[in-house]
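Laboratory data are not the source of any read-out in this text; all were calculated from the coordinates shown. If you're wondering where the values come from, they're calculated on a predicted model, not measured in any experiment. As a convention, Cβ positions derive from the backbone with ideal geometry for all residues, glycine included, and neighbour counts pool all protein chains shown.
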Amino acid sequence: MARRPFIGGNWKMNTDLATGKVLARTIAAEWGADVSRAEVVVFPPFPYLESVGQEIGLSSVALGAQDLSSEANGARTGEVSAEMLCDMGVRWVLVGHSERRHRLGESDALVAEKLAMALESGLQVVLCVGENLQQRHAGRTHEVVGLQLRSAFAQVPEEAVARIVIAYEPVWAIGTGVAATATDALEAHHEIRAFMSSRYDSELASSIRIVYGGSLVPGNAKTIFAAPGVDGGLVGGASLKAADFLSICSSAVIGIEAGRTGDSA
Ligand code: 13P
């Protein structure tokens, strides 16, 4: 069965209440009536989840959070639990974003705990993996991504995998204006799918969605999405402009359709 394109807008620590609401309202108005084309999720900052949720309302655009605690509740000042997110109407959560791994020191073990907590709570997850520039130059991309995947999926039962989207986000491409080439993305996605095939089986590997993130803009999205095995994107900076984000959403549908003929993954 064809994999449905997935596009996430990761707003990071951007927008204010007013601009976030307008952004959400515009995306929902333009995209939200159509449930068939691509799955679109916005990930606003925690304080705006409720307001953004109200703006997207019953449209097909879904609400996501950028992080969650690995703990269910208790003495964790500043943390937000999975249950709190579910209370706010959140359906998706990012786990293991590189900014949390590298700037805030999240370990592979913590990422795995957060993934388990999200899945146990019924949330859907965008699990982010990717190598930094030094690792890439040392030829260690596959090894690094493989270690991240092995750790994250060590305890994930087969039946939970359908609720996970994997985002390949090379650290060197995030916020730099230097996107991976379609070939870079194709190769990495192929390796990730091969890992899923060995960890689970080939049927599951061919059903999981693997999306690309890192300096996606309207000008490069279609080319990257046409690479076989690329099922959409996780968009940072360009998700803050409704027109750019919507253009990337459209490109996902068109580009992925175009690439499918060559998709043997
Ligand atoms: P940019 O699109 O700004 O490079 O960010 C990508 C990203 O980190 C999405 O999660």
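Tell me which of Val126, Leu58, Gly78 sits at the most positive position along the dipole axis of region 46-137, charges placed on C-beta atoms (Lys, Arg +1; Asp, Glu -1).
Most positive-ward Cα: Val126.
Could you point to the residue in Ser207, Leu240, His189 farthest towards the positive end of region 169-265's charge dipole, with +1 and -1 charges on the Cβ of Lys/Arg and Asp/Glu respectively?
Leu240
Report, in debye and to the nearest 20, how large the dipole of the chain comes out about its Cα centre when Lys and Arg carry +1 and Asp and Glu carry -1 on their Cβ.
Around 440 debye, computed over the chain.
Give the Cα extents of region 1-129 along the principal axes, in whole Å, largest first.
The Cα atoms of region 1-129 stretch 40, 39, 26 Å along their principal axes.
Semi-axes of region 114-265's equivalent ellipsoid from the Cα gyration tensor, sqrt of 5 times each eigenvalue, largest first, rounded to whole Å?
Square roots of five times the eigenvalues give 23, 18, 16 Å.
Give me the distance in nm between label points sitting 7 Å out from Cα along the Cα-to-Cβ direction at Ala75 and Ala18, one decimal.
Result for the modelled spin labels: 4.2 nm.
When N is the residue count of the chain, what does its C-alpha Rg come to as a fraction of 2.2 N^0.38 Å?
Taking the Cα Rg and dividing by 2.2 N^0.38 Å, one obtains 0.93.
Just to be sure I follow: if Rg is taken over the C-alpha atoms of region 78-161 and Rh is the Kirkwood radius over the same atoms, what is Rg/Rh?
That ratio is 1.01, to two decimals.
By a straight-distance test (C-alpha under 25 Å), which lysines pair with Lys114 as possible cross-link partners, with residues fewer than eight away in the same chain excluded?
Answer for Lys114, where 25 Å is the Cα cut-off: Lys12, listed by chain and number.
Per-residue ellipticity at 222 nm for the chain, helices alone: DSSP H runs ≥ 4 residues times -39500 (n - 2.57), over residue total, nearest 500 deg cm²/dmol?
-12500 deg cm²/dmol
Need one number: the % of Cα-Cα pairs in region 1-77 sitting beyond the 18 Å mark.
Percentage above 18 Å: 44.
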